[in-house]
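This report refers to the structure that appears directly beneath it.
The values are calculated or read from the model by the stated rules, or taken from the named source; none is laboratory data. Bear in mind that the values here come from a model prediction, so they are computed numbers and not experimental data. In this analysis, Cβ positions are derived from the backbone assuming ideal geometry, glycine residues included, and neighbour counts consider all displayed protein chains.
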Amino acid sequence: MLLPLHLQTLAGTGREVRLTVDGAVTRGNVLDALEASYPMLRGTVREHGTLKRRPRVRFYAAGVDITHDDAEARLPAAIATGEEPFRIVGAISGG
Amino acid sequence: MTAVRILVGTRKGAFVLTSDLDRKQWDVDGPLFAGWEVYHIKGSAVDPDRIYASQSSSWFGQIIQRSDDGGKSWFQPGSSGEESKTVDGMPQGESNKFVYDTSEATGRPLSTHQWYDGTQHPWEFARVWHLEPALDDPDTCYAGVEDAALFRTTDGGVTWQELAGLRGHETASEWAPGAGGMCLHTIVLDPNNPKRLFCAISASGTFRSDDGGDTWKPVNQGLHSDYIPDPTAEVGHCVHRIAIHPSNPNTLFMQKHWDVMRSDDGGDSWREISGNLPSDFGFPIAVHSHEPETIYVVPIESDSLHYPPEGKLRVYRSRSGGEDWEALTDGLPQEHCYVNVLRDAMAVDTADPCGVYFGTTGGQVYASSDSGDHWNPIVRDLPAVLSVEVQTIP
């Protein structure tokens with residue numbers, strides 16, 4: 001997984017983190033694995049309680065924007081094998 | 001007292017400024033939490049090494065940071081080490097979990113408040129505006145949040161619980177956001193009465209609790225606000241900031257969205273003390289640490305023009321508890337100055353003479369080590385300053 005700068009800082013890690021996912025490799029399970037490994041990221045990508053995506057966060061998988069896809073849909077095989085990154089992206093703002 | 005430490009929150013991180021008691025030479029450390037908005041950063045009165053910081057981002061939400069060594073190192077409470085584990089071994093990571101209390105057991109939490117268009121709108125957490133450490137316990141801290149509510153931690157910021165009696169007040173469906181959102185931005189603790197606390201919300205007004213935060217009453221009698229349909233309504237006033245002197249907590253001073261006010265009965269009634277100010281609009285208000293009747297404001301031209309009158313940055317001081325004000329200008333720019341000073345961006349130290357400090361939206365932090373007679377910039381080019389707090393270190 002590739003993290004944006006601010007989440008790298010919070011997690012005390014580099015841009016890339018490797019995660020072991022329990023069960024099917026879905027967006028929900030990937031984010032569960034991220035938050036289990038880096039609990040300081042809870043509430044930063046998904047809201048506490050509802051687990052809704054924060055409005056200005058985007059998800060890319062193998063070059064495809066899956067932000068609005070079902071969180072329980074299986075991700076591409078290249079993500080599951082680690083060949084391609086799952087990216088968390090902060091929405092662009094100008095100025 | 002051996003040192004003075006200023007905690008500065010800005011749009012792009014926090015800065016810590018330290019000096020000895022001469023307050024002439026300052027060390028500048030930062031940015032901490034670079035790139036994040038730091039609405040407020042404040043130390044505990046009982047343990048000055050304990051500092052809480054509110055770090056937030058429109059992208060990635062709310063973070064609470066804590067330092068136990070006077071700002072040298074920081075961590076998110078509950079997110080590392082053994083304290084982060086639940087009984088089943090899972091990480092908790094709840095230091096940034098501000099979830100409104102919707103239970104029947106506590107308060108009477110409502111689900112909606114008034115929105116800009118007059119319709120009812122659900123309460124939505126945005127950020128922590130203000131952190132107020134308790135006066136008797138470093139692990140207890142209050143947090144004022146947007147949308148307006150009051151939270152408290154008693155475990156050093158690991159978990160936060162809403163004091164739902166405030167948001168459950170019967171007037172809450174009438175509360176409405178100001179231009180900056182519907183924020184609980186001011187928390188004042190009575191040093192003589194641990195059961196009494198005040199808070200202020202934009203734009204609903206001032207509230208007081210006499211039972212430790214369980215129940216609340218609006219205390220806005222005497223306020224007059226032409227921007228609401230009933231200018232003397234019980235709620236709806238855009239209070240910007242309240243300050244007290246610890247020796248006389250029954251007297252409160254208020255900077256409102258127009259008008260500087262004073263109460264001598266714990267908020268039960270207020271009277272205007274704007275007197276000869278060039279404008280009675282502004283955001284911060286502060287009380288001299290050794291003179292309970294000496295107060296400071298920074299007049300701003302108007303709610304439409306958020307900059308000083310005539311382009312002159314002037315702190316105004318009253319030594320008589322209001323009405324009679326003098327301009328303090330020595331060392332402050334007296335031409336072409338169009339910055340603002342936000343509500344949490346002014347503070348005093350407890351050294352003698354009293355030090356007064358404020359930060360601007362232009363990134364300057366000004367200091368006076370003689371109660372405001374003379375000013376010097378400590379730094380000039382920080383990001384826009386959101387908050388300034390001062391610790392006088394033993």
_Among the residues in the range A:23-33, are any under 30 Å from B:Y100 (Cβ atoms), of a type in the set (S, T, N, Q) and more than 10 Å from chain B (Cβ to nearest Cβ)?_
yes
_Cβ-Cβ under 7 Å, sequence separation 6+ or interchain: first residue in the range B:217-240 and free of Cβ contacts under 8 Å to residues at least 12 places away in the same chain and among the polar types (S, T, N, Q), partner in a loop (DSSP other than H, G, I, E, B) and surrounded by fewer than 18 Cβ atoms within 10 Å (Cβ to Cβ). Which pairs?_
B:T232/B:H224
*Restricting the search to the range B:329-362, which residues are crowded, with 22+ Cβ neighbours inside 10 Å, in contact with a Lys or Arg (Cβ under 8 Å, 6 or more places away or on another chain) and farther than 17 Å from B:R317 by Cα?*
B:D344
*What number of residues within the range A:51-63 are away from chain B (no Cβ under 14 Å), surrounded by 12 or more Cβ atoms within 10 Å (Cβ to Cβ) and over 14 Å from A:L3 (Cα atoms)?*
1
*Total residues in the range B:1-58, condition touching a Pro at 6+ places or on another chain (Cβ under 8 Å) and under 16 Å from B:V348 (Cβ atoms)*: 6
*Have a look at A:L19, A:L5 and point out the one that is at the interface with chain B (Cβ under 10 Å from one of its Cβ atoms), out of contact with any strand residue (DSSP E or B) (no Cβ under 7 Å at 6 or more places or on another chain) and within 28 Å of B:W74 (Cα to Cα).*
A:L5
*When the range B:68-100 is examined, which residues are found to be more than 11 Å from chain A (Cβ to nearest Cβ), at pLDDT below 85 and part of a loop (DSSP other than H, G, I, E, B)?*
B:V87, B:D88
*From the residues in the range A:34-49 that are within 13 Å of the chain's Cα centre (by Cα) and touching a residue at least 24 places away in the same chain (Cβ under 8 Å), which one is farthest from the other protein chains (Cβ to nearest Cβ)?*
A:L34
*Quick one: would you say B:S58 is more than 14 Å from chain A (Cβ to nearest Cβ) and either polar (S, T, N, Q) or on the phi > 0 side of the Ramachandran plot (or both)?*
no
*Regarding B:A148, is this residue in contact with a strand residue (DSSP E or B) (Cβ under 8 Å, 6 or more places away or on another chain), under 18 Å from B:I51 (Cβ atoms) and among the small types (G, A, S)?*
no
*Test: residue in the range B:1-9 that is part of a strand (DSSP E or B), touching a Lys or Arg at 6+ places or on another chain (Cβ under 8 Å) and within 14 Å of chain A (Cβ to nearest Cβ)*: no
*So which pairs qualify, if the first residue must be in the range A:70-94 and small (G, A, S), the second must be part of a helix (DSSP H, G or I), the Cβ gap must be under 7 Å, and the two must be at least 6 apart or on different chains?*
A:A71/A:R27; A:A71/A:G28
*Look at A:T13 and say whether it is within 14 Å of another protein chain (Cβ to nearest Cβ), surrounded by fewer than 16 Cβ atoms within 10 Å (Cβ to Cβ), assigned to a loop (DSSP other than H, G, I, E, B) and in contact with a Lys or Arg (Cβ under 7 Å, 6 or more places away or on another chain).*
no
_strands (runs of 3 or more DSSP E) wholly inside the range B:262-366 containing at least 2 residues that are of a type in the set (F, W, Y)_ = B:356-359
_With the structure loaded, tell me whether B:Y316 is at pLDDT 95 or above and surrounded by fewer than 21 Cβ atoms within 10 Å (Cβ to Cβ) or whether it fails that test._
no
